[in-house]
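Report on one structure; see the data block that follows.
The values are calculated or read from the model by the stated rules, or taken from the named source; none is laboratory data. Given the structure is predicted, the values throughout are model-derived calculations rather than measurements. Neighbour counts are summed over all protein chains in view; Cβ atoms, including those assigned to glycine, are modelled from backbone coordinates with ideal geometry. These accessible areas exclude ligands, DNA and RNA; they are computed on the full protein's heavy atoms, side chains included. Shrake-Rupley method; radii C 1.70, N 1.55, O 1.52, S 1.80 Å.
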Amino acid sequence: MFKILSNEKIAPAVFRMDLEAALVAKKAAGGQFVMIRIDEKGERIPLTIADINGKNITIVYQVVGVTTHKLTEKKAGSALEDVVGPLGHATDARKFGTVCCIGGGVGIAELYPVVRAYKNAGNKVIVIIGARNKELVIFKDKLSKVCDEIFVTTDDGSDGEKGFVSNVLKRLMDSGANIDLVYAVGPAVMMKVVADMTRPAGIKTLASLNTVLVDGTGMCGSCRIEVAGETRFACVDGPEFDAHEVNFEEMMARQSLFKDKEAHACKIRGILQ
Amino acid sequence: MKKQSPKDRVKNFNEVALGMSEEEAVKEATRCLFCKEPKCSANCPVEIDIPRFIEAIKNKKFDEAIKIVKEKNNLPGVCGRVCPQEDQCEAACVLNAKGKPINIGVLERFAADWELNNITHYTLHITQKRDSKIAVIGSGPAGLTCAGDLARLGYQVIVFEALHTAGGVLVYGIPEFRLPKEIVKKEIEYLKSLGVEVRTNFIVGINTTLKELFAEGYKVVFVGTGAGLPSFMKIPGENLDRVYSSNELLTRANLMKAYLFPEYDTPINIGKKVAVIGGGNTAMDSARVSLRLGAEKVFIIYRRSEKEMPARQEEIENAKEEGIELHMLTLPKKIIGDDKGFVKAMECVKMELGEPDSSGRRRPITIKGSEFVMDVDTVVVAIGQSPNPVFLKATPELKLGKWDKIEVDPNTQATNVRGVYAGGDATLGDDTVIAAMGAGKRAARAIHNSLT
C-alpha cells in the first residue's frame, strides 16, 4: 500500500496528490511516469511524476473517467493499492543552449521536473504554458522559479495572452530567439501543432506522449505508436520521441478506443455527467 | 473427465474442465500397472514419483497422494491443469500399447484440488535454515518453482514481481476458464508458507540492478523474467483501433478482469467478428476469450495447416467445439480501417506448403493472385513474444542468444555471469509452463550445489 499524504484540487477538475513511494522516488527523474491502481477492482493508469521530494512523489491528474474520479475521493492518510515505477526513459537533460519547454493543460504539471533538469544542466529555459482559462493555469509560480522566462496563454485571454502556446512559440522563432530544443507535453493536437511549426525551421523537438497503457513495462503493446515509420512502445521506448517523426493522427485515433466504454462506466456510476 | 458443455461455457469464464470425483479418480488409479521402472516419472520435467502418488489415490489416501506430488512439485493445481501431459508422462505410459494411458494429469489435479478443498493449512516443516539470500526475478512458473525448491532447502528467497499480482503468465496470460486465478493464488500462498517472500510492484532493472542486488548481500540471482514483449506482423493497419496483441487482450481479460467490466474498472473493446492470428496456445486462448467477451464469430488465421499448429490438441478441440473457425494456410497482408481508425476488414492471401524448413515443418508459400478480404472488426495478433527488454537492457553483462534470449547451460541453467541463473521463456528452449518449471527446478538444484 502507498500512503496518500495530500490530495488537493488545484484547478477545476485538476488535482495534485502527494504519495509516499520510496522505491519510485529513489530512482525517479523528470519525464518518467508511474502506473497506479487504486484498489483490487481498479485499472492501471499511467501518471507522470510531477515532483520528487525525498521518499515522496507528486502526481497531478485531471478527472476524465472512472479511475481519476475515484482518485478524487481518496483522502490524505488513506492509501493506493499499487504504485510502480519510475517507468519510461528520463528526460535526457544535457546542455543544448536555449530550451523552450511547452506545456498544455494538465501537461503543465509534468513540465516542472523537466524544466528544472534542463536548467540544472546549464540551459537557458523558456517556458510556455497554455490552458483554456485562468483557473486552469497551474504551476505558474512554481515553474517561474526554475526557468529564465515564462509565457502564459489562455484560450479566452483571462490570463497571459489570448491564444495558444503555438502563437508564442511562433513569435519567439520569428523574433530570432535561438531555440536549440523544443520540449512539448500536453494534448496530442497541441504537440502536433508545435511539431509542424518547428519542423520547417529544423529545431529539434521532443514530445512526451500520453498513450493508453496497461502494464507500462513493454508487455501489452497498447501504447504502440508509429514513429519514423516504425512501431514503437511509448512505455519502454519513450515516452519522449522526436516530435517530427510521431504519427499524431494515429495517436489521436488510438486514444479514442475506450471512450465509449469509459462513458458507459461513468454513466452507470452517475459521475461526470 | 467432465467438461462444461460448449453451449454453456462460451457464455462464462468458469473453468471448462471439471476434474474427477473421488470415485472416478480411484477407478482411474486402479488401472495403473505400477511399473517397477516407471517411464512416466522419467518423462516428468519436475520428476514427480507418479506411480507412488497414483497408488495412494488407489488406496484412497488422498492426503498421502498430494504429499507425494508436493515432494517435487510446488504447483500441482496449476500443472494438473495446464501441463501437456499427452506429450510427457502420459506419452510414456506403457498402457499406450494396449489403448488408453492413465490420465495422470487429471489425477494430479484431483490430488491438488482435494487438498485445497479438505485441508486448510498443510505446512511443510523446513528442518534446516540457511543464511544465503537468493533473489528470484519474476514470479512466473520458472521463478516460483525455483523459489519454492530453494525455500524448502532452507534458503531465504525473495521474489521480485513487476506487476501488482504474483504469478506471471499464470495470472496475466492463461485464462480463468483454463486456470482459475484462485488456484494460482492458493499455490502461491503455499510457497509463502514455505518462507518465500514476494515483493510486487518491484522492477529489477529499474528499482534496483543486478549489481545492486549482489551489493545488498544476495548470493545468487535467478532470472525468470519471461517473454513479455509481444511481436507484431509489421503489416499495414496494425496500429488501428481494435487491433490487439494477444498479451494486451489476455492481460486486460485475465489480470485486470475486463470480463467483469464495469464492476472492475478495466475495459476491453471487442467487436462482433474477431480474427486471431497465430496457431499456438496463446492464439487458442485469445480466440476463446474473445468469444466469451461477446464476439459473434471468431476465426483463427494460421499460415500453415492444422497439423503444424503448435497448440495443444486438446485446446484446438476445445476451440472447435466452441464454434471457433480455423482458417488455415492463410496469411494476413493488411488490415483495413474505417474513417475513425477502427478495423473494418483484413486482406489475406492463401498459402500452400512447400519443402520442410529448419524447424522440420513444411514452409508455407504464398499462392499468387489468391488475395481476398475478410469481413472482421477486431484483430488479435498472437504470433509470439520475445523476452521483456526492461531487465535485459539494464543488464548488458548477460550474454544473449537468438531472439535476445538469455544463454544458459542446459544442465544447470547457469548464465555467463557468475551467480546468475535463468530459466523459463526468458531463455532459449523453454516454452510451456512445465518446461519453465523444469528449468526452475534444475536451477534450484545447481544453486544449492554451488552454495554447499
Just for the range B:238-282: of the residues that are touching an Asp or Glu at 6+ places or on another chain (Cβ under 7 Å), within 8 Å of another protein chain (Cβ to nearest Cβ) and not in a helix (DSSP H, G or I), which one is most open to solvent (accessible area, probe 1.4 Å)? B:242
Checking B:42, B:92 in turn, the sole residue that is aliphatic (A, V, I, L, M), surrounded by fewer than 19 Cβ atoms within 10 Å (Cβ to Cβ) and over 20 Å from residue B:117 (Cα atoms) turns out to be B:42
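Please find, among A:115, A:83, the residue that is within 25 Å of residue A:221 (Cβ to Cβ) and either within 14 Å of chain B (Cβ to nearest Cβ) or buried (at least 24 other Cβ atoms within 10 Å of the Cβ) (or both). Steps first, answer last, please.
Details: A:115 fails: within 25 Å of residue A:221 (Cβ to Cβ).
The match here is A:83.
Just to verify a result, which residue in the range B:207-228, among those that are open to solvent by less than 30 Å² (accessible area, probe 1.4 Å) and not aliphatic (A, V, I, L, M), is farthest from the other protein chains (Cβ to nearest Cβ)?
So in the range B:207-228, the residues open to solvent by less than 30 Å² (accessible area, probe 1.4 Å) come out as B:207-208, B:210, B:213, B:218, B:220-224, B:226-228.
Now narrow it down to the ones that are not aliphatic (A, V, I, L, M): B:207-208, B:218, B:222, B:224, B:226, B:228.
Details: B:207: 5, B:208: 8, B:218: 17, B:222: 19, B:224: 15, B:226: 9, B:228: 4 Å.
The selected residue is B:222.
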Failed item in (1) of a type in the set (Lys, Arg); (2) closer than 21 Å to residue B:17 by Cβ; (3) not in a helix (DSSP H, G or I), with residue B:81 passing the rest: (3)
If residue B:231 meets every condition in (1) open to solvent by less than 30 Å² (accessible area, probe 1.4 Å); (2) within 23 Å of residue A:211 (Cβ to Cβ) apart from one, which number is that one? (1)
Is there a residue in the range B:328-348 that is more than 14 Å from every other protein chain (Cβ to nearest Cβ), surrounded by fewer than 15 Cβ atoms within 10 Å (Cβ to Cβ) and either in contact with an Asp or Glu (Cβ under 6 Å, 6 or more places away or on another chain) or under 27 Å from residue B:310 (Cβ atoms) (or both)? no
Being among the acidic types (Asp, Glu) and touching an Asp or Glu at 6+ places or on another chain (Cβ under 9 Å) is the filter here, so list the residues in the range A:114-144 that pass it. A:135
If you go through the range B:384-397 one residue at a time, do you hit one that is under 21 Å from the mean Cα position of the chain (by Cα), over 27 Å from residue A:215 (Cα atoms) and surrounded by fewer than 19 Cβ atoms within 10 Å (Cβ to Cβ)? no
Is it fair to say residue A:209 is farther than 17 Å from residue B:238 by Cα and either of a type outside the set (S, T, N, Q) or assigned by TED's automatic domain parsing to the domain that holds residue A:166 (or both)? yes
How many residues, within the range A:164-188, are in contact (Cβ under 8 Å) with a residue 24 or more places away in the chain and either among the charged types (D, E, K, R) or touching a strand residue (DSSP E or B) at 6+ places or on another chain (Cβ under 8 Å) (or both)? 17
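Please verify whether residue B:188 is within 14 Å of chain A (Cβ to nearest Cβ), surrounded by 21 or more Cβ atoms within 10 Å (Cβ to Cβ) and either in contact (Cβ under 8 Å) with a residue 24 or more places away in the chain or among the polar types (S, T, N, Q) (or both), treating the condition exactly as stated. Walk me through it before giving the result.
Numbers: within 14 Å of chain A (Cβ to nearest Cβ): no; surrounded by 21 or more Cβ atoms within 10 Å (Cβ to Cβ): yes; either in contact (Cβ under 8 Å) with a residue 24 or more places away in the chain or among the polar types (S, T, N, Q) (or both): yes.
Spelling it out, it is not the case that residue B:188 is within 14 Å of chain A (Cβ to nearest Cβ), surrounded by 21 or more Cβ atoms within 10 Å (Cβ to Cβ) and either in contact (Cβ under 8 Å) with a residue 24 or more places away in the chain or among the polar types (S, T, N, Q) (or both).
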